[in-house]
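Dropping a structure here in structure tokens format, bear with me for questions.
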Amino acid sequence: MADMDAFRDEIARWAAAGGAGDTAGDLAADLVRDLGLRTAVLLEGPSDLAAVQALAAREDRDLTAEGVAVVSMGGAMSVGRYAGLLGPPGLGLRLTGLCDAREEPFYVRGWQRAGAARDFHVCVADLEDEMIRALGPARVEEVIRSEDELRPWQTFLAQPAQHGRPRQQQLRRFLSTRKGRKIRYGGLLVEALDGARPPAPLADLLAGL
């Protein structure tokens, strides 16, 4: 039985091959049909994927059942290739997505080359920055403590480079200092929202699916 992980793996292989190979394209098209996909959400990386999945779960939504494929591209510079493969020139899916402000030009060009209507949401810095502002630094530190990372956090704060920096910037940097931490907290920070509204780019993305 087809599943979303199989689709993501096939798309990643197809993209790595530069869109070459009829077999890869045929397999991806078969999975689109089997899964009933209609929309592709293009995200820069796995931490964004974790956040989108966590918010969907928080809202009791099954995106796969809704025909939505959420895809991590491994970097914004790949957006042109993914948009071409998944959008109108390729599999014909509706495109939407989420990106950092500094990566917006890559998304604009990717959408234009794919002949797709502009439909993506932009974070001021990145999604981690948006989540920290939505939660507030104190709540993010509570999440860090709940994950038994108080000591690494305190060690990080003691570094000379962190002295005098705003707490939000310190937290954003801390989340990127260890492999896998950014991905893990992508979901944890969404779960910590409780009754608070998610950051606008993330909330608007889900609302538009």
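Bin width 5 Å, alpha-carbon pairs only: give the P(r) of the range 127-192 as whole percents, running from 0 to the bin holding the largest distance.
With 5 Å bins starting at 0, P(r) equals 3, 18, 34, 28, 14, 3, 0.
Another question, if that's okay. Summarise the long-distance tail of P(r) for the range 1-142 by giving the % of C-alpha pairs beyond 24 Å. Kindly include the intermediate steps, with their values, before the conclusion.
Details: 3028 of 10011 pairs.
The proportion of pairs with Cα distances above 24 Å equals 30 percent.
Here's another thing I want to ask about it. Dipole of the range 127-192 (Lys/Arg Cβ +1, Asp/Glu Cβ -1, origin at the Cα centre): which of Gln169, Val190, Ile132 lies farthest to the positive side?
Checked the options; the winner is Gln169.
Placing unit charges on C-beta atoms (Lys and Arg positive, Asp and Glu negative, everything else neutral), compute the dipole magnitude of the chain about its Cα centre in debye, rounded to 20.
800
Counting only C-alpha contacts under 8 Å and six or more residues apart, can you give the relative contact order of the range 1-138 as a whole percent? Don't skip to the end; give the middle numbers.
Details: 193 pairs, mean separation 30.4, N = 138.
After rounding, I find 22 percent.
Mind jotting down the distance between the C-alpha centroids of the range 40-58 and the range 133-196, whole Å?
19
Any read-out appearing in this document is the output of simple, stated calculations on the displayed coordinates, not a laboratory observation. Please read all numbers here as calculations on a predicted model, not as lab measurements. When we count neighbours, we look across all protein chains shown, and the Cβ atoms used for this are built from the backbone with ideal geometry, even at glycine.
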